[in-house]
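Student: Below is one structure. I have some questions about it.
Read-outs throughout are calculated quantities, based only on the coordinates presented, and are distinct from any laboratory measurement. Treat the numbers as computed from the prediction; the structure is a model and nothing was measured. Note that each Cβ is placed from the backbone with ideal geometry, even for glycine, and that neighbours are counted across all protein chains shown.
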Amino acid sequence: MEHIENRTFDEIQVGDTATLDRTLTEQDITLFAVMSGDINPAHVDPEYAKSSRFREVIGHGMWSGALISTVLGTEFPGPGTIYLGQNLRFRRPVMVGDTITIRVTAKEKDPEKGKVVLDTECLNQDGEVVVSGTAEVIAPKEKVRRLKIDLPEVRFDDKEARFREIMGRVRARKLAPVAAAIVDPADADSLASVAAAAQEGTIVPILVGAERLIREVAEAGGVDLDGFAIVPAATPREAVAEAIRLAREGRVEGIMKGSMATEDLIVPVISAAKGLRTERRVSHVHVMDVPTYPKPLFITDSMINIAPGLSEKRDICQNVIDLAHWLGIPAPKVAVLAAVETINPKMPATIEAATLCKMAERGQIAGGILDGPLTFDHAVSLRAAENTGIRSPVAGQADVLLVPDLESGNMIAKQLMYLADALSAGIVLGARVPIALTSRGDDRRSWLASATLVQLVAHMYRHQAAGSRGSH
């Protein structure tokens, strides 16, 4: 066990020195800002800081000053030290990635008052002094040696930074925008998100709905519709029919829902005669970035198939595996969920889970690694799986959660969004074009992420179509 030990006044000699090395990270800046309330953009806004000639001198210098206090209170003199005062001069900026050496040196001793004056300085990795000054303390008289206390783990979650990082990875693929029909966009938030997605180069929106209402809502919300095509439709039902027609004619490669109910869009889409069905079952996938999980998590199906049977689950599984491949996961780990991890004849979900795994072994489901039945905790927690004696390539490290039914999937997805602050995007697969079931409850990030999924899947369908033509 590590200990913390002080140096008493009698043990300290003039010239004695203690040092501490620390590298400045983004998390250090965030924690300092949260603790102090200092949100000066020169300290916490990288873009502003780049243009400021005072870049990070004060804020990150104060971080260095705080480390001086760490040395004084924990090492030299250490526990029992009474801090009387300190003066500091900030000489150079401290930047993220800089490694700072904090050096504290005994300069003077006052035996009558038990005071010690110490020179304090902080040097960067180039040996340049970034902070200098002196500190005055009353050194401890009694020897103290105690076990070090383990500090609680501090977890940072910047949702906007996570979103920017994910979107940056997508933009790096340099995919062309795709034409997408926005069905019944009769609220300002949807129109604002449409405009943002168009500006990002994700989609080329075609607004389908009551033109007068769309323009009134846009004007009230301050959304500029210049350059947007509008296909008039008197009612939401007509808007759906027009969007389906545009997709069947190849004029759009994606559909995004506006203000209407999900059922009003999906029922016409899956119509055998006039819809967008293919030989594959239509299903929905939530793609989630959960801050407490080390990788993206796919949940299916939580929006369309209420109580899918074995054949439907086979298609639902293959849909999500194909999507995971396109997103760069070559062999997605699929956890087929149930309430228990053992096969119980009275619980159909457990039997279907085991059967799906056998189907994957026989090649009836291709491209993924399946295991089930697994409970939610055994699917996402290695510790939970190991404690139960479950060992497999999937347990504790699933990429995909294949849920038993819509109710369970919907609850899992919403719990992760509202309790775990997950970023979420959704996409409908298995139709002729990808469909995003966006809603008024979606924030800007979810809407833009769903639009990005429409773009990605549309390109996936292009790629699959080209491969199919090339094989003939």
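Student: Please report the net charge: other residues with Cβ closer than 9 Å to the Cβ of V336, K and R +1, D and E -1. Present the calculation step by step, with values, prior to reporting the outcome.
Tutor: Values: positive: K313; negative: E352, D371.
Neighbour charge sum, excluding V336 itself: -1.
Student: Please list the non-local residues whose amide H lies under 5 Å from the amide H of A179, H modeled 1.01 Å from N, same-chain partners needing a gap of 5 or more.
Tutor: V204, E253
Student: Right, another one. Based on Cα positions only, what radius of gyration and what Dmax would you give for the chain, in angstroms?
Tutor: For the chain, the Cα radius of gyration and maximum Cα-Cα distance read 29.8, 98 Å.
Student: Can you give me the relative contact order of the chain as a percent, contacts being Cα pairs under 8 Å and 6 or more apart?
Tutor: Working: 925 pairs, mean separation 61.6, N = 472.
That works out to 13 percent.
Student: Considering amide H positions built from the backbone, and no H for Pro or chain starts, which residues 5 or more places from I369, or on another chain, come under 5 Å of its amide H?
Tutor: Under 5 Å from the amide H of I369: K333, V334.
Student: While we're looking at this one, here's another question. What shape does the range 146-235 have by the C-alpha gyration tensor, where a ≥ b ≥ c are the square roots of the eigenvalues, rounded means a/c under 1.5, and otherwise prolate means a/b greater than b/c and oblate the rest?
Tutor: Values: a/c = 4.29, a/b = 2.35, b/c = 1.83.
Since a/c reaches 1.5 and a/b is larger than b/c, the shape of the range 146-235 is classed as prolate.
Student: Stretch D187-R462 to full length: gain in nm at 0.36 nm per residue minus the Cα-Cα span?
Tutor: On the way: separation 275, 0.36 × 275 = 99.00 nm, distance 3.13 nm.
Between D187 and R462, full extension yields an extra 95.9 nm.
Student: On to the next question. Binning at 5 Å from 0, report for the range 388-460 what percent of all alpha-carbon pair distances ends up in each bin.
Tutor: 3, 13, 18, 22, 21, 13, 6, 4, 1
Student: Rounded to the nearest 0.05, what FRET efficiency do R212 and A331 give with R0 = 51 Å and r taken as the Cβ-Cβ distance? Could you check? Display every interim value, and only then the final one.
Tutor: Details: r = 51 Å, r/R0 = 1.01.
The calculated FRET efficiency here is 0.50.
Student: Return the subset of K333/K414; K115/K143; K333/K358; K109/K141; K313/K358; K113/K141 for which the Cα-Cα distance in this structure is over 18 Å, preserving the input order.
Tutor: On the way: K333/K414 22 Å; K115/K143 16 Å; K333/K358 15 Å; K109/K141 13 Å; K313/K358 13 Å; K113/K141 11 Å.
As for pairs spanning more than 18 Å Cα to Cα, those are K333/K414.
Student: Pull out the extension gain between D119 and D158, defined as 0.36 nm times the separation in residues minus the alpha carbon to alpha carbon distance; nm, one decimal. It would help to have the intermediate numbers written out before the result.
Tutor: On the way: separation 39, 0.36 × 39 = 14.04 nm, distance 3.78 nm.
Stretched fully, the D119-D158 segment lengthens by 10.3 nm.
Student: Where the only charges are on Cβ atoms (+1 Lys, Arg; -1 Asp, Glu), what is the dipole of the range 289-399 about its Cα centre, to the nearest 20 debye? The partial results should precede the final answer.
Tutor: Working: 9 positive and 12 negative charges, 46 e Å.
Once rounded to the nearest 20, the dipole reads 220 debye.
Student: Given axes a ≥ b ≥ c from the Cα gyration tensor, I'd like to know whether the range 272-386 is rounded (a/c under 1.5), prolate (a/b larger than b/c) or oblate.
Tutor: Working: a/c = 1.64, a/b = 1.21, b/c = 1.36.
Oblate is the answer for the range 272-386, as a/c is 1.5 or above yet b/c matches or exceeds a/b.
Student: Continuing with this model, one more query. Evaluate the distance, in nm, between pseudo-label points positioned 7 Å from the Cα of Y83 and of Q13 along their respective Cα→Cβ axes.
Tutor: A separation of 2.9 nm, rounded to one decimal place.
Student: If you don't mind, there's one more thing I want to ask. Would you mind checking the tilt of helix 348-361 against the longest principal axis of the Cα atoms of the chain, expressed as 0 to 90 degrees and rounded to 10?
Tutor: Taking the Cα atoms of the chain, the angle to 348-361 is about 90 degrees.
Student: Related question: By the scheme Lys and Arg +1, Asp and Glu -1, what is the net charge of all other residues having a beta-carbon under 11 Å from that of E253? Could the numbers behind the result be given before it?
Tutor: Numbers: positive: R251, R432, R462; negative: none.
Result for the local shell: +3.
Student: A further question follows. Given 5 Å bins starting at zero, what is the percent of C-alpha pairs of the range 315-472 in each, up to the one with the largest pair distance?
Tutor: Over the range 315-472, the share of Cα pairs per 5 Å bin runs 2, 9, 15, 19, 20, 16, 11, 6, 2, 0, 0 percent.
Student: May I ask you to derive the FRET efficiency for M411 and N387 from their Cβ-Cβ distance with R0 = 25 Å, giving the value to the nearest 0.05?
Tutor: On the way: r = 24 Å, r/R0 = 0.97.
In this case the efficiency is close to 0.55.
Student: Going by C-beta contacts inside 10 Å, put Y83, Y461, Y418, Y293 in order with the fewest on the left.
Tutor: Numbers: Y83 12, Y461 21, Y418 9, Y293 16.
Ordered by Cβ neighbours within 10 Å, fewest first: Y418, Y83, Y293, Y461.
Student: Each residue of the range 272-287 in order: what ³J(HN,Hα) in whole Hz does its phi give by Karplus 6.51 cos²θ - 1.76 cosθ + 1.60, θ = phi - 60°, with x for Gly and Pro?
Tutor: Computed from phi, the couplings for the range 272-287 are 5, 8, 10, x, 10, 5, 10, 6, 8, 4, 6, 8, 10, 10, 8, 9 Hz.
Student: Sticking with this one: How long is the gain from T292 to I343 if the chain were fully straight, where each residue apart is worth 0.36 nm and the alpha carbon distance is subtracted? Working shown, then result.
Tutor: Details: separation 51, 0.36 × 51 = 18.36 nm, distance 2.96 nm.
Here the segment from T292 to I343 would lengthen by 15.4 nm.
Student: Continuing with this model, one more query. Apply 1/(1 + (r/R0)^6) to the Cβ-Cβ distance of D126 and K148, taking R0 = 22 Å, and write down the FRET efficiency to the nearest 0.05.
Tutor: Working: r = 31 Å, r/R0 = 1.42.
Step by step, r from the Cβ atoms, then E = 0.10.
Student: Please provide three numbers in whole Å: the alpha-carbon extents of the range 317-359 along the principal axes, with the largest listed first.
Tutor: Principal axes ranked by extent give 37, 17, 13 Å for the Cα atoms.
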